[in-house]
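**Q** For reference, the structure I am asking about is given below.
The values are calculated or read from the model by the stated rules, or taken from the named source; none is laboratory data. The structure presented is a predicted model; accordingly, all values stated were derived computationally and were not measured. Neighbour counts are summed over all protein chains in view; Cβ atoms, including those assigned to glycine, are modelled from backbone coordinates with ideal geometry. Ligands, DNA and RNA are stripped out before the accessible areas are found, and what is left, the full protein with its side chains, is counted by its heavy atoms. Shrake-Rupley method; radii C 1.70, N 1.55, O 1.52, S 1.80 Å.
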Amino acid sequence: MDITIHSSFLPHTDPEASLAFYRDLLGFEVRLDVGYEAMRWITVGPAGQADTAIVLYPPEATPNVSEEEKRVVAEMMAKGTFASLNLATPDLDATFEKLQAGDIDIVQEPTDQPYGVRDAAFRDPAGNLIRMQQTA
C-alpha cells in the first residue's frame, strides 16, 4: 500500500489568532482560507511539504453535535485535552527559543524523555496541545 497523510483537523476558536500562530510564528503556509457565514476553515502546512496540511476548523460547524457535546468540546479545548499535534524539528532548542519569544502558552520546556526523545510542549491559541520533538 502507498498511503500518505493528506490533512489533519484541529479546532480553532479565533481564526486571526490561529493565523498569527501557525503562519506568523510557526512559519506555515496558508493554503486555503474559506469562510461560510460567520465561520472560517483555514488550511495551513509546512513550507516544502505541499502534500501535508492541517485544517483549522470551527468546532461549532461539526454536524450532528448536540449543544451539550459542544459545551464539553469547548471545555476540553480550554484544558488542551481535545486535540493535539506532534511536530518535529532538527534544532528543538533554537526553535523553542523563537517560539517562546512569541509569547506562547508553554506546557513543557525542552526535555529529554525516558522513552528516548527530546521534546517540548505548548498550546496554540485554541488550547490544542502541540508537542515538538528533536529529529536526529
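**Q** At a 1.4 Å probe, what is the % contribution of carbon and sulfur to the accessible area of the chain?
**A** 53 percent
**Q** What figure in square angstrom, to the nearest 10, would you give for the accessible area of Glu109 with a 1.4 Å probe?
**A** Rounded to the nearest 10, that gives 110 Å².
**Q** Moving to a separate point now. If you put +1 on each Lys and Arg Cβ and -1 on each Asp and Glu Cβ, how big is the dipole of the chain around its Cα centre, in Debye rounded to 20?
**A** Numbers: 10 positive and 22 negative charges, 26 e Å.
With only Lys, Arg, Asp and Glu charged at Cβ, the dipole is about 120 debye.
**Q** When the solvent-accessible surface of protein heavy atoms is calculated with a 1.4 angstrom probe, in what order do Thr81, Thr111, Thr4, Thr89 fall, highest first?
**A** On the way: Thr81 80, Thr111 50, Thr4 110, Thr89 20 Å².
Largest to smallest exposure gives the sequence Thr4, Thr81, Thr111, Thr89.
**Q** Right, something else. Summarise the long-distance tail of P(r) for the chain by giving the % of C-alpha pairs beyond 20 Å.
**A** 49 percent
**Q** What does the charge count near Val44 come to, summing +1 for each Lys or Arg and -1 for each Asp or Glu among other residues with Cβ under 14 Å from its Cβ? Intermediate values should be presented prior to the final figure.
**A** Values: positive: Arg23, Arg31, Arg40; negative: Glu16, Asp24, Glu29, Asp33, Asp51, Asp124.
My count for the surroundings of Val44 gives -3.
**Q** Which value, in Å², gives the accessible area per residue of the chain when a 1.4 Å probe is used on the protein heavy atoms?
**A** Ligands and nucleic acids excluded, the figure is 60 Å² per residue.
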